[in-house]
Amino acid sequence: MSKHQLRGAYAVLAASLLCSLPLSASAAQLRIIQTNFAGDTIHVIDPATNKVVAQIGGVEAAHGIVSSPDGARIYLSEEVDDSLNVIDGKTLRFTKKIRLSGNPNLIDITPDGKTIYVAIALSYSDLSDFPRIKPAASGGVDIIDTASLQLVKTIPIKSGVHDLNVTPDGKYVIVGNARGGKANVMTVVDTRTNEIAWTMPMTPSPSPMAVSKNPDGSTKSIFAQNGSDNAFQVVDFATRKITNTIKLPNITDQTQNPYGPPAASHGIAVTPDQKTLLVNSRMNSALYSYSLPDLKFLGVATLGGKGAGWLTITPDGKTAYVANEHTNDVSVVDIKSMKEVTRIPVGFAPARNIVWMAP
């Protein structure tokens, strides 16, 4: 048995042993899934009680996570072995490990659940000029067919890719060339052809992003976080132009969080009703709220946890869950009042989180 096969077997065994409090299969239940980048477990939270109700073990360096539209599968990218893991939504056990072309970061899935797009960062593995270690020629986007659970194509993209978002109508993938190198580009992939449709120079590259839609479901705006500047840019999708740049409010140096790399702000999302934009600040340990489409500042939730690094929003648009990677917990924020209502202890360095309808 190879090293990768052996490790995969251990992961399946660990998942089986660490899954607790199984979810009822009788009816779909809303859950929040929280990954932990520096730990080896994923936590499942019940938003009705804001308690951890299950754990999935055997995961190292988890990065991106999505679920199928019906909740039957959870897909997880794992940096330690360059793979995409498939988890059964009923048993919370690993069922498949898909080899990727390189080091995976974020992932997203088309609305019909048929295709997964995986951001591939630059791999630093070229030892031809040792002791200097050189990166690969490019990163890219891996494309996974969910029917066969196979990698069907890799789109090479200059510089590495950290963030990507499938547009709400499923027609495009918005890609941020922001992992290694200085591409300073946003790339747009057409999902009908799986070819690059167009590119747009941006300084810096977008990382991470949120996408809003028009009433007909087409893409309206891309909100591209400028994490190094504690700000975000607004891109009009139709004209392919930056229409606004908004810097998050400053706070005093005494209360700023020493955030470290890669960004002062990381995490941005649009509420389901398309009326509000929520933006994390890792540096300020805060969640900011802006109205859409006019981007009027609405308020701020000061978080008890530190290092806000990602967020997800419940389908009713009432609650945000913010991963605090420096204090190993998740802040629960009431969006209407912009108040932190509680914090939930999770694993080490909580990273990405998603809403999941458990089958």
*Restricting attention to segment 168-184, which residues are closer than 12 Å to Ile157 by Cα and either under 19 Å from the mean Cα position of the chain (by Cα) or modelled with pLDDT of 95 or more (or both)?*
Val175, Gly176, Asn177, Ala178, Arg179, Gly180
*At least 2 residues that are crowded, with 18+ Cβ neighbours inside 10 Å and charged (D, E, K, R) in each: list the strands (runs of 3 or more DSSP E) lying fully within segment 46-118 that qualify.*
73-78
*Can you name the residue in segment 315-339 that is among the hydroxyl-bearing types (Ser, Thr, Tyr) and more than 17 Å from Ala351 (Cα to Cα) and, of all such residues, is surrounded by the fewest Cβ atoms within 10 Å (Cβ to Cβ)?*
Ser337
*Inspect all residues belonging to segment 215-226 and state whether any of them is among the aliphatic types (A, V, I, L, M), closer than 24 Å to Val355 by Cα, touching a His at 6+ places or on another chain (Cβ under 8 Å) and in a strand (DSSP E or B).*
no
_Ser101 being under 29 Å from Ala178 (Cβ atoms) and at pLDDT below 95_ = yes
*Do the conditions hold for Ser285, that is, is it within 21 Å of Val235 (Cβ to Cβ), crowded, with 24+ Cβ neighbours inside 10 Å and modelled with pLDDT under 95?*
no
*asked:* If I ask for residues that are modelled with pLDDT under 90 and either more than 24 Å from Ala320 (Cα to Cα) or hydroxyl-bearing (Ser, Thr, Tyr) (or both), which ones from segment 240-259 would you list?
replied: Thr252, Asp253, Gln254, Thr255, Tyr259
*In segment 289-342, which residues are of a type in the set (Lys, Arg) and over 19 Å from the mean Cα position of the chain (by Cα)?*
Lys296, Lys318, Lys336, Lys339
*In segment 288-314, the residues that are closer than 22 Å to Thr49 by Cα and surrounded by 19 or more Cβ atoms within 10 Å (Cβ to Cβ)*: Ala301, Leu303, Gly305, Ala308, Trp310, Leu311, Thr312, Ile313
*Scan segment 122-140 and give yes if some residue there is at pLDDT 95 or above and either at negative phi or assigned to a strand (DSSP E or B) (or both), otherwise no.*
no
*Could you tell me whether Lys247 is farther than 27 Å from Ile143 by Cβ, of a type outside the set (Gly, Ala, Ser) and more than 20 Å from the chain's Cα centre (by Cα)?*
yes
_List pairs: first residue in segment 261-283 and within 20 Å of Pro315 (Cβ to Cβ) and basic (Lys, Arg), second residue outside any strand (DSSP E or B) and modelled with pLDDT of 95 or more anywhere in the structure, Cβ distance under 7 angstrom, at least six positions apart or on different chains._
Lys275/Leu292
*Among the residues of segment 238-281, write down those that are surrounded by 19 or more Cβ atoms within 10 Å (Cβ to Cβ) and either hydrophobic (A, V, I, L, M, F, W, C) or in contact with a helix residue (DSSP H, G or I) (Cβ under 8 Å, 6 or more places away or on another chain) (or both).*
Leu248, Ala263, Ala264, Ser265, His266, Ile268, Ala269, Val270, Leu277, Leu278, Val279
*Which condition number in (1) of a type outside the set (Asp, Glu); (2) buried (at least 23 other Cβ atoms within 10 Å of the Cβ); (3) free of Cβ contacts under 8 Å to residues at least 40 places away in the same chain is the one that Ser159 fails?*
(3)
*Taking Ser285 as the residue in question, decide whether it is touching a His at 6+ places or on another chain (Cβ under 9 Å) and on the phi < 0 side of the Ramachandran plot.*
no
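The values are calculated or read from the model by the stated rules, or taken from the named source; none is laboratory data. Model, not experiment: these values are computed from the prediction. No Cβ is skipped: glycine too gets one built from the backbone with ideal geometry, and neighbour counts run over all protein chains shown.
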